[in-house]
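The values are calculated or read from the model by the stated rules, or taken from the named source; none is laboratory data. All values derive from a computational prediction rather than experimental measurement. Every residue, glycine as well, gets a Cβ built from its backbone with ideal geometry; the counts of neighbours run over all protein chains shown.
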Amino acid sequence: MLIRIVRMDFDPNRVDDFLALFETVKDKIANFPGCKHLELKKDAQLDHVYYTFSKWEDESNLEEYRHSELFIDTWAKTKVLFGGKPMAYSLV
């Protein structure tokens with residue numbers, strides 16, 4: 001099992017854009033082969049910082065997702081909304 005945490009720092013004026021985008025893709029990501037869990041959480045103190053927390057069967061499943069059209073399209077639409085650099089962590 002691989003746990004993936006991605007911290008995303010958005011332009012405060014673009015948070016609603018991200019939330020709308022996430023709503024359209026969350027079920028597709030959650031149902032991607034190898035994804036066992038997906039959730040989105042807002043930082044307790046910073047309203048423009050969000051985290052995705054996902055569980056994958058193994059690293060190869062995450063890599064398949066990261067090379068999929070779903071990820072490529074979603075990430076392209078997400079990264080233009082950032083106000084700061086995203087950070088990703090993989091845990092076992």
(request) Looking at (1) of a type in the set (S, T, Y); (2) part of a helix (DSSP H, G or I); (3) touching a Lys or Arg at 6+ places or on another chain (Cβ under 7 Å), find the lone condition where S90 falls short. (result) (2)
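Of the residues in segment 23-43, how many are without any contact (Cβ under 8 Å) to a residue 40 or more places away in the chain and under 17 Å from K55 (Cα atoms)?
Number of matching residues: 14.
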(message) The conditions are (1) touching a helix residue (DSSP H, G or I) at 6+ places or on another chain (Cβ under 7 Å); (2) aliphatic (A, V, I, L, M); (3) more than 17 Å from I5 (Cα to Cα), and L40 fails exactly one of them. Which is it?
(response) (3)
(request) State all residues of segment 44-82 that are free of Cβ contacts under 8 Å to residues at least 40 places away in the same chain and either in contact with an Asp or Glu (Cβ under 6 Å, 6 or more places away or on another chain) or among the hydroxyl-bearing types (S, T, Y) (or both); if no residue qualifies, say none. (result) S60, Y65, S68
(request) Return yes or no: is D16 outside any helix (DSSP H, G or I), over 12 Å from the mean Cα position of the chain (by Cα), surrounded by fewer than 16 Cβ atoms within 10 Å (Cβ to Cβ) and free of Cβ contacts under 8 Å to residues at least 60 places away in the same chain? (result) no
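K85: charged (D, E, K, R), free of Cβ contacts under 8 Å to residues at least 40 places away in the same chain, surrounded by fewer than 13 Cβ atoms within 10 Å (Cβ to Cβ) and not in a helix (DSSP H, G or I), yes or no?
Values: charged (D, E, K, R): yes; free of Cβ contacts under 8 Å to residues at least 40 places away in the same chain: no; surrounded by fewer than 13 Cβ atoms within 10 Å (Cβ to Cβ): yes; not in a helix (DSSP H, G or I): yes.
The answer is no for K85.
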(request) Pick out the one residue from G34, G83 that is among the small types (G, A, S) and at positive phi. (result) G34
(message) Test of understanding: among T74, T24, which residue is exposed (fewer than 13 other Cβ atoms within 10 Å of the Cβ), in a helix (DSSP H, G or I), modelled with pLDDT of 95 or more and within 13 Å of the chain's Cα centre (by Cα)?
(response) T24
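Residue-by-condition table, conditions (1) loosely packed, with under 11 Cβ neighbours inside 10 Å; (2) more than 18 Å from N13 (Cα to Cα); (3) among the aliphatic types (A, V, I, L, M); (4) in contact with a Gly (Cβ under 8 Å, 6 or more places away or on another chain):
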position	(1), (2), (3), (4)
L40	no, yes, yes, no
Y50	no, no, no, no
K55	no, yes, no, no
D58	no, yes, no, yes
Y65	no, yes, no, yes
V92	yes, yes, yes, no
